[in-house]
1. Please list, in chain and number order, the residues 5+ apart from Q178 or on another chain whose amide H is under 5 Å from its amide H, with Hs placed from the backbone.
2. What are the equivalent ellipsoid semi-axes of the range 8-151, built from the alpha-carbon gyration tensor (square roots of five times its eigenvalues), in whole angstrom, biggest first?
3. Consider the candidate values (1) 147; (2) 164; (3) 125; state which one is volume of the Cα convex hull per residue in Å³ computed from the structure displayed.
4. What distance in nm separates the simple spin-label points at T308 and L220, each placed 7 Å from Cα in the Cβ direction?
5. So, R0 is 30 Å and r is the distance between the beta-carbons of W54 and A156; what FRET efficiency does that work out to, to 0.05?
6. At a 1.4 Å probe radius, carbon and sulfur cover how many percent of the accessible area of the chain?
7. Select from the chain the helices, each a whole stretch of DSSP H, whose alpha-carbon atoms run 18 Å or more along the helix axis and whose Kyte-Doolittle mean is at least 1.6; answer none if there are none.
8. Would you mind calculating the relative contact order of the chain from Cα pairs under 8 angstrom and at least 6 residues apart, reporting the percent as a whole number?
Amino acid sequence: MGETKNTSLDTVVTDFILLGLPHPPSLRTLLFLVFFNIYILTELGNLLILLTVWADPKLHARPMYILLAVLSFLDMWLSSVIVPRVFLNFTPTSKAIPFGSCVAQLYFFHFLGSTQCFLYTLMAYDRYLAICQPLRYPVLMNGRLCTILVAGAWVAGSIHGAIQATLTFRLPYCGPNQVDYFFCDIPAVLRLACADTTINELVTFVDIGVVAASCFMLILLSYANIVHAILKIRTADGRRRAFSTCGSHLTVVTVYYVPCIFIYLRPGSKSPLDGAVAVFYTVVTPFLNPLIYTLRNQEVKSALKRITAGQGAASENK
């Protein structure tokens, strides 16, 4: 940790080689198809949620669905920043990524990822207010406040991404240039720096690990209060539906946060498991979100039926 490499500073790295995910050569085609299909389904699923919320007046007037639409937008971009590079690594194409593209990928990943981190916290808070403070909910969480909170999450995410990208690439990189990872992320890139990385690792630990852990604890606290309120519901069917919704939301949040905490609270780690763990919050979570938040949400399914029925009626009238 924090060691200085003895490579000559006369050499300046102009690109990096992403080694990708370790895999047997015989599975290359299968893995390409798996990640390619996941990417396509992720984009289509999240686009469907965006269009549904935008097209249905009952949905885009409610804070819960505004947050859901923003989450879908984030998932589409986060997946596009990471996943195409993953499945291209299973093809004969060059695994090199220009220095500037590596900077951009790291910035946008942390910008979008941290914004999503804050958004999950807002969504949990929104559900807490809706279930635990139903009479005050229209006042405590209205459209204007929701917009301000979402804008704050975007600004905070942008600042976070800029800080991490600046700190990471202010260091000299003079070789080697092989990134033992499937995208340009802080821990993997820092291992190639020709300078002391102690400060960077400390900032990563605090700014990412501790913030992610804090958001996760706030989400758990919100859902603990929600569960307490659910237990007061008199009907068994009402409790079952509420628990089902909360359980699915917590599943997605756990799949996102726990791997993040595992990666960023272990500065200097060189575990071969890091790449496999990172797949969960970079690939799996954006893919799961449309399934969890759409297929298990009765109002979204009803909106989809209304839109489909409306289009069918319009087609018949032509």
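The values are calculated or read from the model by the stated rules, or taken from the named source; none is laboratory data. From a predicted model like this one, the values you see are computed outputs, not experimental measurements. Positions of Cβ are backbone-derived with ideal geometry, glycine not excepted, and every protein chain shown enters the neighbour counts. Quick note on the areas: whole protein, heavy atoms, side chains included, nothing else; ligands and nucleic acids left out. Shrake-Rupley method; radii C 1.70, N 1.55, O 1.52, S 1.80 Å.
1. Counting only residues 5 or more places away or on other chains, the set is I17.
2. Values for the range 8-151, descending: 39, 19, 12 Å.
3. (2)
4. Here the answer is 3.9 nm between the modelled labels.
5. 0.75
6. So the carbon and sulfur contribution to the accessible surface is 69 percent.
7. The qualifying helices are 28-55, 63-88, 211-230.
8. This gives 28 percent for the chain.
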